[in-house]
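Submitted below is the structure of interest, expressed as structure tokens.
The values are calculated or read from the model by the stated rules, or taken from the named source; none is laboratory data. Quick caveat: nothing in here was measured; it's all calculated off a predicted structure. Note that each Cβ is placed from the backbone with ideal geometry, even for glycine, and that neighbours are counted across all protein chains shown. Each accessible area value is taken on the protein alone, full model and side chains, heavy atoms only, with ligands, DNA and RNA left out. Shrake-Rupley method; radii C 1.70, N 1.55, O 1.52, S 1.80 Å.
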Amino acid sequence: MSVQQISPTEQARRARLVKEATHSIEMEGGVFTDASNMDLQQYILGNLTIKECIKRNRYRYGLNNG
């Protein structure tokens, strides 16, 4: 897990991007698990990189072959 010092402005930017992306996915019928939502929250706070979020979700759903 990577911990980054990010500014409140960057946290707000990340939160906005996550909200837009999750809304778009939900509009297409996608569903986010509690674990996925927790990972996204950790990304917003700077405790995970986006690559780490993607890697965790791929592993969680058996897509860790790439």
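Among the helices of the chain (complete DSSP H runs), which have Cα atoms covering no less than 18 Å along the helix axis and a Kyte-Doolittle mean of at least -1.0?
8-27
Once the principal axes of the Cα atoms of the chain are found, what is the range along each, listed largest first in whole angstroms?
Ordered largest first, the chain gives principal extents of 33, 27, 19 Å.
Using 0.36 nm times the number of residues separating ASN37 and LYS55, minus their current alpha carbon distance, what extension gain do you get?
The span from ASN37 to LYS55 would gain 5.1 nm if fully extended.
Sorted by accessible area with a 1.4 angstrom probe, largest first, how do ASP39, ASP34 fall?
ASP34, ASP39
Which of the chymotrypsin sites (Phe, Trp or Tyr not before Pro) found in the chain are in a DSSP loop and have at most 16 neighbouring Cβ atoms, other than their own, within 10 Å? Provide the component values of the computation, followed by the final result.
Values: sites: PHE32, TYR43, TYR59, TYR61; in loops: PHE32, TYR61.
Those satisfying the criteria are PHE32, TYR61.
Let me have the relative contact order for the chain, percent, based on Cα pairs under 8 Å that are six or more residues apart.
Value for the chain: 45 percent.
Now, a different point. To the nearest 10 square angstrom, what accessible area does LEU63 show with a 1.4 Å probe?
90
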